[in-house]
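Student: To start, I am sharing the structure in question, which I have written as structure tokens.
The values are calculated or read from the model by the stated rules, or taken from the named source; none is laboratory data. Quick caveat, the model's predicted, so the values are computed rather than measured. Cβ placement follows ideal geometry from the backbone for every residue including glycine, while neighbour counts extend to all protein chains displayed. When the accessible area is computed, the model is the full protein with side chains, heavy atoms only, and any ligands, DNA or RNA have been set aside. Shrake-Rupley method; radii C 1.70, N 1.55, O 1.52, S 1.80 Å.
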Amino acid sequence: MLFKIQKKYKMKIALLGYGKMGKVIERIALERGHEIVLKKDESNTYEGLSTADVAIDFSVPTAAVDNISNCFHANVPVVSGTTGWLEHFDEMVALCNEKKGGFISSSNFSLGVNIFFELNEYLAKIMAQFDSYKVTMEEIHHTQKLDAPSGTAISLAKGVIENSNYTNWTLDQATANDQSDSEQAKQIYIEAKRIGDVPGTHTVTYDSAVDSIELKHTAHNREGFALGAVIAAEWLVGKTGIYSMKDVLNLK
């Protein structure tokens, strides 16, 4: 039932960002019976945005804030999968509330990844009582990805931090391994790799002197991200407030 659109409603969608992901989202949205009213990239304007029922933003970090702001000012709910701009997240939340808008921002809209997030938090709670294990993370993405670590890796790190004694994450392995500083030793090392056209692979490892435990998610293509974003948009239409994929997938 999750993957079926409501037959009574055909959405008009504004695509903010029309790169590889935007094109996959467009195809899936059309297959699910929706209409695209705007394909926004750096070469055109927001003309048509006000006619949309919902916007889906998969742009670049430097464009995300403008895209999301324009949606709220046009009274269009927005689903954003762009990462690397979250220093402005609270500002966008405040604007959403001011304009009584609807907003879902996620580092990853894939159904599998959001299940992975839940498993990661559950495992972190279990492992928090075993000091002999040290957690590290690895993420691998295509060479065109601009931010590092990935938003998904940061979400995974936050999931561990909220359920353990870890206090932060770092891209500096030496910092994470510095046992002379107890606070530095509580940081999660994230190794970020950029290889070819890899859609996304994330691994969470708990390592001890006697064994290792790994939790891993591998995306085979961009379909899962795009489908999840369209499902989130279908769910968001008609709602106001700030939501997450936990709400969309009823994982709370």
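Student: Which one is modelled with the lowest pLDDT, of the residues in region 241-252 that are open to solvent by 30 Å² or more (accessible area, probe 1.4 Å) and assigned to a helix (DSSP H, G or I)?
Tutor: Lys246
Student: Before we move on, is Glu191 charged (D, E, K, R) and touching a strand residue (DSSP E or B) at 6+ places or on another chain (Cβ under 7 Å)?
Tutor: Yes.
Student: Is region 51-58 home to any residue that is surrounded by fewer than 14 Cβ atoms within 10 Å (Cβ to Cβ) and either over 17 Å from Ser244 (Cα atoms) or out of contact with any helix residue (DSSP H, G or I) (no Cβ under 7 Å at 6 or more places or on another chain) (or both)?
Tutor: There is at least one residue in region 51-58 that is surrounded by fewer than 14 Cβ atoms within 10 Å (Cβ to Cβ) and either over 17 Å from Ser244 (Cα atoms) or out of contact with any helix residue (DSSP H, G or I) (no Cβ under 7 Å at 6 or more places or on another chain) (or both).
Student: How many residues are aliphatic (A, V, I, L, M), within 16 Å of the chain's Cα centre (by Cα) and either open to solvent by 30 Å² or more (accessible area, probe 1.4 Å) or on the phi > 0 side of the Ramachandran plot (or both) when one looks only at region 195-240?
Tutor: 1
Student: Output the number of the condition that Asn75 fails; it satisfies all remaining conditions of (1) outside any loop (DSSP other than H, G, I, E, B); (2) touching a Lys or Arg at 6+ places or on another chain (Cβ under 8 Å).
Tutor: For Asn75, the failing item is (1).
Student: Additional query: Pairs under 7 Å by beta carbon, first residue closer than 15 Å to Gly238 by Cα and touching a residue at least 12 places away in the same chain (Cβ under 8 Å) in region 52-69, partner open to solvent by 20 Å² or more (accessible area, probe 1.4 Å) and of a type in the set (S, T, N, Q), six or more apart or different chains?
Tutor: From region 52-69, no pairs qualify.
Student: Here are the criteria: (1) at pLDDT 95 or above; (2) more than 29 Å from Asp90 (Cβ to Cβ); (3) not hydroxyl-bearing (Ser, Thr, Tyr). Tell me which single one Val198 does not satisfy.
Tutor: Of (1) at pLDDT 95 or above; (2) more than 29 Å from Asp90 (Cβ to Cβ); (3) not hydroxyl-bearing (Ser, Thr, Tyr), only one is false for Val198: (1).
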